[in-house]
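Novice: Sharing a structure below in structure tokens format, with a few things to ask.
The values are calculated or read from the model by the stated rules, or taken from the named source; none is laboratory data. A quick note: this is a predicted structure, and the numbers were derived from the prediction, not measured. Using ideal geometry, Cβ is built from the backbone for each residue, glycine included, and neighbour counts are taken over all protein chains shown.
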Amino acid sequence: MQLRRAARVILVGAPGVGKGTQSERLLRRFPQLASISTGDLLRTNVKNRTPLGIKAESTMKSGGLVADDLMLRLISSELRNRGWLQNHGPPEVMTLSSEAISASEMRNPDDIAFDAFAAGRPMSPAQASEDPTASFILDGYPRNAAQANSLEGIVPINLAVSLKTPFEVVLERIAGRWVHEPSGRVYNTTFNAPKVPGRDDITGEPLIQRPDDTEEVYRARFQKFQEASEPLLEHYAKKGVLVEVEGMSSDEISPKLYDVFEQRFVM
Ligand code: AMP
């Protein structure tokens, strides 16, 4: 289905809710959408030994969050490379002072935008493209309200979807997950049970439960998610772009999500 307006979307959902599944389905249904994953972008920068990658590497290894200014540069240069962020030129460029012109021209537009952000000035130089082909779902960013605020200066998100499945339902799904480690085949005792309990259908070998797939670990992850996402959702509610989509399963959520997209970006 063709989008008629640019969709700039984030999906927010607790671990296990099926954000990845919904993202994939949306990309298939709306081919103009792209998925931009900050984790993937960072890993590419690390692999290519870019200055940003080198700076971010140790934080990523320790499992911490990469600094806000680096994340902003990462996102804005990605959008710029795709041609989705246009610079109208900072005010200095329009003066007749050759000194100002050359000084500005020598600088990376992302740095100019970032300096404006850091100085608390609105970043009028950059503007998000409204072309429907400039449509994306951000994956892994923003992770908290501070990042959401920073992002606003570069690209205004026009839809934030909060994906909701009751805690107990997700927990049951996770606790019922059994894996055949050598092949990666995944079973679920509630909706995709192995033919013989505890055994892989193909090889007959024993299945295991991942150490992370326990109630205790999930509760802790869920709690962490709640704490981080609440202010994020509040941010988007205030902007008037937050929509909640609820369902007991991914199949129940998808059609509702498609409706939201069609109402906002197709009709
Ligand atoms: P992910 O693939 O989303 O789990 O990201 C891998 C790593 O990249 C994370 O553990 C962080 O160190 C870093 N990272 C990804 N997204 C962000 C973000 N929005 N803010 C800060 N760090 C991030």
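Novice: Determine the pairs where a residue that is under 29 Å from residue 219 (Cβ atoms) and among the β-branched types (Val, Ile, Thr), located within the stretch 11-39, has a partner that is more than 16 Å from the ligand (Cβ to nearest atom) and modelled with pLDDT under 95 with Cβ atoms under 9 Å apart, the partner being 6 or more residues away or on another chain.
Specialist: 17/170; 17/250; 21/250
Novice: Okay, moving on. Taking the stretch 3-16, which residues are part of a loop (DSSP other than H, G, I, E, B), hydrophobic (A, V, I, L, M, F, W, C) and touching a helix residue (DSSP H, G or I) at 6+ places or on another chain (Cβ under 7 Å)?
Specialist: Scanning the stretch 3-16 gives 3, 7, 14.
Novice: Listed residues 235, 180; which is touching a helix residue (DSSP H, G or I) at 6+ places or on another chain (Cβ under 6 Å) and buried (at least 17 other Cβ atoms within 10 Å of the Cβ)?
Specialist: 235
Novice: Still on this structure, I have one more. With (1) more than 22 Å from residue 131 (Cα to Cα); (2) at pLDDT 95 or above as the list, and residue 4 as the residue in question, which single condition is left unmet?
Specialist: So the condition that residue 4 fails would be (1).
Novice: If residue 102 passes every condition in (1) of a type in the set (Ser, Thr, Tyr); (2) modelled with pLDDT of 90 or more; (3) in a helix (DSSP H, G or I) but one, which one does it miss?
Specialist: The single condition residue 102 does not satisfy is (2).
Novice: Scan the stretch 17-69 residue by residue and report those that are part of a loop (DSSP other than H, G, I, E, B) and within 27 Å of residue 3 (Cβ to Cβ).
Specialist: Once the filter is applied, which keeps residues that are part of a loop (DSSP other than H, G, I, E, B) and within 27 Å of residue 3 (Cβ to Cβ), the stretch 17-69 yields 17, 18, 30, 31, 32.
To keep it simple, each residue is scored yes or no on (1) closer than 24 Å to residue 144 by Cβ; (2) not hydroxyl-bearing (Ser, Thr, Tyr).
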position: 14; (1), (2): yes, yes
position: 26; (1), (2): yes, yes
position: 29; (1), (2): no, yes
position: 35; (1), (2): yes, no
position: 39; (1), (2): yes, yes
position: 45; (1), (2): yes, yes
position: 51; (1), (2): no, yes
position: 54; (1), (2): no, yes
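Novice: Residues in the stretch 57-79 that are within 9 Å of the ligand (Cβ to nearest atom), free of Cβ contacts under 8 Å to residues at least 60 places away in the same chain and surrounded by 13 or more Cβ atoms within 10 Å (Cβ to Cβ): how many?
Specialist: The qualifying residues number 5.
Novice: Are there any strands (runs of 3 or more DSSP E) wholly within the stretch 137-245 with 1 or more residues that are polar (S, T, N, Q) and at pLDDT 90 or above, and if so which?
Specialist: Where strands (runs of 3 or more DSSP E) fall fully within the stretch 137-245 and carry at least 1 residues being polar (S, T, N, Q) and at pLDDT 90 or above, they are 159-164, 185-188.
Novice: Against the conditions (1) under 27 Å from residue 157 (Cα atoms); (2) at pLDDT 90 or above; (3) within 15 Å of the ligand (Cβ to nearest atom), where does residue 54 fall short? Just the number, please.
Specialist: (1)
Novice: Here's another thing I want to ask about it. Mind checking which residues of the stretch 1-49 are within 12 Å of the ligand (Cβ to nearest atom) and over 11 Å from the mean Cα position of the chain (by Cα)?
Specialist: Answer for the stretch 1-49, where residues must be within 12 Å of the ligand (Cβ to nearest atom) and over 11 Å from the mean Cα position of the chain (by Cα): 15, 41, 42, 43, 44, 45, 46.
Novice: Related question: Sort out which residues of the stretch 193-229 are exposed (fewer than 12 other Cβ atoms within 10 Å of the Cβ), over 22 Å from the mean Cα position of the chain (by Cα) and of a type in the set (S, T, N, Q), and write them in order of number.
Specialist: Matches in the stretch 193-229: 203 only.
Novice: Here is a further query. Inside the stretch 127-148, can you point out the residues that are farther than 25 Å from residue 228 by Cα and of a type in the set (S, T, N, Q)?
Specialist: 127, 129, 133, 135
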